[in-house]
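Visitor: My questions will all concern the structure given below.
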Amino acid sequence: MGIDEIKARVREAGGPELLERLERLDAERVRPPMEAPSVRAPGRGTRPDFDVVLAGGGLSLLYAPVLAGLGLKVGVFERSRAAVAHREWNISGPELAPLTVSGLFRPEEVGSLIVARYEDGVCRWHGGGEYPVRGVLDHAVDAGRLLRDIRQRAEQRGVTFHDGHALVGVGEGPQAVRLLFERPGGRRAEVTARVVLDARGISSPHATADLLCPTVGGVLSGLKEGTAPDELNPQRGDILVTTEGVEEGRQHIWEGFPGRPGEATVYLFYYAQARRIREHALLRLYGRFFERLGRYKRGEPRLLRPTFGYIPGWSRLVPPPRAPGRRVVLVGDAAARHSPLTYCGFGAMMRSFLPGSRAIAAALAYDHAPPESIVHDTPLHSVTGALALFMALPSHAPERRDDVNQLLDTAFAALHELGNDTYAALLKDQMPGTDFVRFLQHIARKRPQVYRDALTLAGFGPLALARWLGGLSRVLIPLPASP
Ligand SMILES: Cc1cc2nc3c(=O)[nH]c(=O)nc-3n(C[C@H](O)[C@H](O)[C@H](O)COP(=O)(O)OP(=O)(O)OC[C@H]3O[C@@H](n4cnc5c(N)ncnc54)[C@H](O)[C@@H]3O)c2cc1C
């Protein structure tokens, strides 16, 4: 399918603004955004316009009403329109608790955000078995309404919104930072703040995570309902499903979950090294999505709402994404401290926005710079990062096209045998280190050559191997996790 035809199909389903967002994301992967070099730093004694500026109005918007509720003056600056989602999210129910604990939503309001709830989820690797699991990613959330509601609560608490402001540069002084914004028509604007939360997601110039999952798909109608693997089962989510081996150097993976009656969200994605992403990567993946959807699910699908993006992952084998100064803090996808293997950026945000906001407020109460990192992380990520890198580097040799499926089938068979709690904990990025070691041992018993295969597949050098072993030792002898 040609690029123009793919664009036409995305435009037809999502409109020109959505296509523009997609093309911008694709263009940024080829020419990553850079910070403007010289922004005048505010001097001592400057009275900042804001306590906190949130640059980016996606899911990290959650920080805004909480910070305002803690008495801070907050401004949200978004290059497009804040609180507009081109995502659909699923999560397990208990992970939504911070929405109510924070006082932002009442329990019944959270209930009304859930568009579908299903009994279980399944992982299935081409040529292998089927591994059901309960209590994982089994609630589909109305992403658009969630963001709109967060914006409304933020406005009620006095947060100001500045749509059409693209942050292009930051100058940091001893007590405040100056932010430079580009506005439509080439105009510019400047504001000052005591702290900036860089919530620009993958578009931040500091979002240097080494792994990326290009992801495309959206809300579909017309899929044939039933219980066969290639039908839409309203009581089951497909967490990870493959329908073939490695093609074009990538292991493509499907995810699908029920939504409103007659609708489902379906994604196609692959793991990749950020530096290997090529021109039009999302658009080309959409081409494959349209052509191969029938292999995954039967029916007469109609794309009602396209959703897409690059989901970052930091392997922990290279230096982390870092903010450019002490008063700039990376949050959400820009920080990429969530699991590099299972991603779950939404789940990770649920764990971070409340303690993170409190940490910022506590620092500002004493006029200190905020902590360098306020987002949730765990030592286990240093180990799972290598597995994600392995997924990003499958062998191109035709005779090894089924290697990834076979390895994953072994791993998921082992997980399934360890019981639902252990299986669910890994997928929700909540597995304790001791269980992870048990999981690794169980895989090795089932397939003794597994680690040699994985390491040769991923082509690890001695430095990466040493870092990985260092990570494993931190899992075995845990240190206190960050907030
Ligand atoms: C298709 C897709 C499906 C997903 N599904 C799930 C899921 O089911 N479960 C789950 O746990 N996670 C999921 N995720 C991950 C989750 O969506 C992200 O982790 C989350 O959105 C990250 O929030 P964020 O605020 O960091 O970034 P984003 O939500 O990406 O928001 C970034 C915002 O910054 C703005 N921006 C960019 N540059 C600038 C600039 N220079 N100035 C001002 N604003 C700027 C952008 O326009 C955007 O609005 C999914 C991701 C994708 C792409």
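The values are calculated or read from the model by the stated rules, or taken from the named source; none is laboratory data. Just so you know, these numbers come straight off a predicted model, no measurement behind them. With ideal geometry, Cβ positions are generated from the backbone for all residues, glycine too; neighbour counts draw on all protein chains shown. Side chains included, ligands, DNA and RNA excluded: accessible areas come from the protein's heavy atoms. Shrake-Rupley method; radii C 1.70, N 1.55, O 1.52, S 1.80 Å.
Visitor: Scanning the stretch 151-199 for residues that are open to solvent by less than 50 Å² (accessible area, probe 1.4 Å) and in contact with a His (Cβ under 8 Å, 6 or more places away or on another chain), which turns out nearest to PHE353 (Cα to Cα)?
Guide: That would be ASP198.
Visitor: Restricting the search to the stretch 48-84, which residues are open to solvent by less than 30 Å² (accessible area, probe 1.4 Å), farther than 18 Å from PHE181 by Cα and near the ligand (Cβ under 10 Å from one of its atoms)?
Guide: LEU59, SER60, LEU61, LEU62, TYR63, ALA83
Visitor: I'm checking my understanding of the structure. Among residues of the stretch 85-107 that are part of a loop (DSSP other than H, G, I, E, B) and either over 13 Å from MET350 (Cβ atoms) or of a type in the set (Lys, Arg) (or both), which one is nearest to the ligand (Cβ to nearest atom)? Quick ask: steps written out before the conclusion?
Guide: The initial filter retains those residues of the stretch 85-107 that are part of a loop (DSSP other than H, G, I, E, B), namely 85-88, 92, 102-106.
Of the ones still in play, those that are also either over 13 Å from MET350 (Cβ atoms) or of a type in the set (Lys, Arg) (or both) are 85-88, 103, 106.
On the way: ALA85: 8, HIS86: 7, ARG87: 5, GLU88: 6, GLY103: 21, ARG106: 23 Å.
Out of the qualifying residues, it is ARG87.
Visitor: Name the pairs: first residue in the stretch 60-74 and farther than 14 Å from PRO98 by Cα, second residue among the hydroxyl-bearing types (Ser, Thr, Tyr) and part of a strand (DSSP E or B), Cβ to Cβ under 8 Å, at least 6 apart or on different chains?
Guide: Filtered contacts from the stretch 60-74: VAL74/THR160.
Visitor: Moving on. Somewhere in the stretch 25-35, is a residue in contact with a helix residue (DSSP H, G or I) (Cβ under 9 Å, 6 or more places away or on another chain), in a helix (DSSP H, G or I), open to solvent by less than 40 Å² (accessible area, probe 1.4 Å) and among the aliphatic types (A, V, I, L, M)?
Guide: Taking every residue of the stretch 25-35 in turn, at least one turns out to be in contact with a helix residue (DSSP H, G or I) (Cβ under 9 Å, 6 or more places away or on another chain), in a helix (DSSP H, G or I), open to solvent by less than 40 Å² (accessible area, probe 1.4 Å) and among the aliphatic types (A, V, I, L, M).
Visitor: Please work out which one of (1) in contact with a Leu (Cβ under 6 Å, 6 or more places away or on another chain); (2) more than 25 Å from ALA13 (Cα to Cα); (3) away from the ligand (no atom under 14 Å from the Cβ) is the condition LEU232 fails and give its number.
Guide: Only one criterion is unmet by LEU232, namely (2).
Visitor: Which residue is nearest to TRP125 (Cα to Cα), if the candidates are limited to the stretch 236-252 and must be within 13 Å of the ligand (Cβ to nearest atom) and among the hydrophobic types (A, V, I, L, M, F, W, C)? Explain how you work it out, then say what you get.
Guide: So the first thing to find is which residues in the stretch 236-252 are within 13 Å of the ligand (Cβ to nearest atom), and the list is 237-240.
Subsequent filtering for residues that are among the hydrophobic types (A, V, I, L, M, F, W, C) retains 239-240.
On the way: ILE239: 11, LEU240: 8 Å.
The residue in question is LEU240.
Visitor: At least 2 residues that are in contact with a His (Cβ under 8 Å, 6 or more places away or on another chain) and open to solvent by less than 10 Å² (accessible area, probe 1.4 Å) in each: list the helices (runs of 4 or more DSSP H) lying fully within the stretch 308-427 that qualify.
Guide: On the way: elements: 332-335, 345-365, 380-392, 403-417, 420-427.
Here the list reads 345-365, 403-417.
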